[in-house]
Amino acid sequence: MERVLRPERKNSSKDLMLFILVLALSGIENLIAEVLPEFQLGPIEVGISSFIFVPIVLCILFDSFWAALAAPIGELVFADLILGEFGGLGEFEEVILLTMGLYIAGKMVKDVTNRKQIAAAALFAFIFQDLIGTFIDMTKVWVGIEDFEAISGLPESVFALEMIDFLVEFAVTGIIFGLIPTLYFAPRLYGKIEPLLGIKPRLIEKGAALNVPIRLIGGAIIAVIAAAAVSMLSGAGFNIIEWEPEFLDQFGQWYIWVPITIAAIVAIVVIWLGKSNNGEGQDINV
């Protein structure tokens, strides 16, 4: 019995280390994005919401559900809870959409050296999460759950405003800090980062066509419905808990370096443990 269970426990430990590593790195990239200033172009604010290429690259390299789930959870833990900005049930809209978008993106890529597949996956991961979230926000205004806030100098239409915001996000976060760095880092990091956790690099399927399994299409539909449901419930006032501690006002802006430091230490410890226990690499594709 011991011999039968040992490989399973080994795979579980690799899953856990991967989850924690992606959790920490996603927390760091979100926190750094928060530190960077936003620019005003007339009535439009232009800023970096996240360095989304970090979780996209990791999900392409590892092709694991746990990596996809860890990305939004990392933001939730390090950029929301520790900073006292947890907004309750509504936060899980992004968790659901980003997890599914990243997971499908990882499954879309069959050949990590194929730039067309990487580009399609990177664009899908951003568009699925951000565009669906945009339509959910518009729906909440249309059904009267949230009030429409017009912006001076822009069309007084919720569709126009939300689409302008989406296009700005797509250009900055989706292309400049999503697609372009993903195209650069994904093929170059292949076979280099996986051994740090004692994991075999995923197999390259040369000539394999880009496709999304039918079961994932069904999963995406369920994810959209679930995300819309939790967002609507949150907008209607049904919240689990909202975390906004008053003591954070005493520390000022420097406090953001506390979760950045914690996340960095966690990432370093996971890599150190992975290298220390680096035996035969394990496949952990889910």
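The values are calculated or read from the model by the stated rules, or taken from the named source; none is laboratory data. None of the values given here were measured: they were computed from a predicted structure. Please note: Cβ atoms are built from the backbone with ideal geometry, for glycine as well, and neighbour counts cover all protein chains shown.
In region 208-244, the residue that is modelled with the lowest pLDDT out of those that are of a type in the set (S, T, N, Q) and in a helix (DSSP H, G or I) is S234. Inspect region 9-22 for any residue being in a helix (DSSP H, G or I), modelled with pLDDT of 90 or more and touching a Pro at 6+ places or on another chain (Cβ under 9 Å) and give the result as yes or no. Scanning region 9-22 turns up at least one residue that is in a helix (DSSP H, G or I), modelled with pLDDT of 90 or more and touching a Pro at 6+ places or on another chain (Cβ under 9 Å).
Within region 265-284, none of the residues are out of contact with any His (no Cβ under 6 Å at 6 or more places or on another chain), at pLDDT below 85 and aromatic (F, W, Y).
Evaluate the following for L161: is it assigned to a helix (DSSP H, G or I) and modelled with pLDDT of 85 or more? Considered against the rule, which asks whether it is assigned to a helix (DSSP H, G or I) and modelled with pLDDT of 85 or more, L161 comes out as no. The set of residues in region 185-207 being loosely packed, with under 14 Cβ neighbours inside 10 Å and not in a loop (DSSP other than H, G, I, E, B) consists of R188 alone.
Filtering L83, L98 for residues that are closer than 15 Å to L216 by Cα and touching an Asp or Glu at 6+ places or on another chain (Cβ under 9 Å) leaves a single hit, L98.
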